[in-house]
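Peer 1: Pasting a structure below so you can have a look.
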Amino acid sequence: MIIPKFLLQRLWVKNSLQRVSADSVSFRLENPFLLGHLIGVEALTLNGASVDLTTLQVGTDLQPAVAVTALNAEAPLAVAHKQVAVFQFKWEAPVPVGKLVVGLTAISKETGAMAITLEDTLATAV
């Protein structure tokens with residue numbers, strides 16, 4: 001199933017990119033669709049630089065964070081309609097003030113691979 005880019009853009013929770021600790025960053029996506037099942041992430045970039053996917057974890061308010069490397073068709077992360085998923089990953093480099101570009105290729109049981117590029121603007125560096 002192909003989801004139009006303008007619908008995928010609605011996933012991003014604006015201003016959610018933030019420094020969680022000295023070596024990690026997080027962002028949020030909200031599911032505007034029906035129940036979905038995340039079964040993996042193929043790629044994640046921040047301003048064009050690749051994120052080490054072995055450090056990437058994702059969770060919701062109902063499910064604790066799990067390593068994305070542990071997700072698959074038999075063990076997906078269920079994300080209900082309007083539910084927020086929190087993605088957190090290791091990132092020791094500074095994140096600059098201004099426009100940031102996050103590239104994400106995620107795999108859903110329902111739709112297959114979905115590649116999106118999201119932009120956010122930060123008022124302060126993280």
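The values are calculated or read from the model by the stated rules, or taken from the named source; none is laboratory data. All values reported here derive from a predicted model rather than from experimental measurement. With ideal geometry, Cβ positions are generated from the backbone for all residues, glycine too; neighbour counts draw on all protein chains shown. In case anyone asks, the SASA skips ligands and DNA or RNA and just uses the protein heavy atoms, side chains included. Shrake-Rupley method; radii C 1.70, N 1.55, O 1.52, S 1.80 Å.
Peer 1: In this structure, is Gly48 in contact (Cβ under 8 Å) with a residue 60 or more places away in the chain and either surrounded by 15 or more Cβ atoms within 10 Å (Cβ to Cβ) or more than 13 Å from the chain's Cα centre (by Cα) (or both)?
Peer 2: So Gly48 does not fit the description; no.
Peer 1: Considering (1) crowded, with 16+ Cβ neighbours inside 10 Å; (2) farther than 18 Å from Ile107 by Cβ; (3) in contact with a Lys or Arg (Cβ under 8 Å, 6 or more places away or on another chain), say which one Ser24 fails and leave the rest.
Peer 2: Condition (1) is where Ser24 drops out.
Peer 1: Conditions first: (1) open to solvent by less than 70 Å² (accessible area, probe 1.4 Å); (2) in a loop (DSSP other than H, G, I, E, B). Lys82 passes all but one, so which condition is the exception?
Peer 2: (1)
Peer 1: Still on this model: Could you tell me whether the stretch 60-67 includes any residue that is under 12 Å from the mean Cα position of the chain (by Cα) and part of a strand (DSSP E or B)?
Peer 2: The answer is yes, given that some residue of the stretch 60-67 is under 12 Å from the mean Cα position of the chain (by Cα) and part of a strand (DSSP E or B).
Peer 1: Which ones in the stretch 54-64 are open to solvent by 40 Å² or more (accessible area, probe 1.4 Å) and in contact (Cβ under 8 Å) with a residue 12 or more places away in the chain?
Peer 2: Thr54, Gln57, Asp61, Leu62, Gln63
Peer 1: While we're looking at this one, here's another question. Give the residue that is surrounded by the fewest Cβ atoms within 10 Å (Cβ to Cβ), with candidates limited to residues of the stretch 27-38 that are in contact with a strand residue (DSSP E or B) (Cβ under 6 Å, 6 or more places away or on another chain) and farther than 14 Å from Phe87 by Cα.
Peer 2: The extreme case among them is His37.
Peer 1: So Glu42 clears everything in (1) open to solvent by 60 Å² or more (accessible area, probe 1.4 Å); (2) without any contact (Cβ under 8 Å) to a residue 60 or more places away in the chain except one condition, right? Which one?
Peer 2: For Glu42, the failing item is (2).
Peer 1: Inspect all residues belonging to the stretch 65-77 and state whether any of them is in contact with a Pro (Cβ under 7 Å, 6 or more places away or on another chain) and open to solvent by 70 Å² or more (accessible area, probe 1.4 Å).
Peer 2: The answer is no, given that none of the residues of the stretch 65-77 is in contact with a Pro (Cβ under 7 Å, 6 or more places away or on another chain) and open to solvent by 70 Å² or more (accessible area, probe 1.4 Å).
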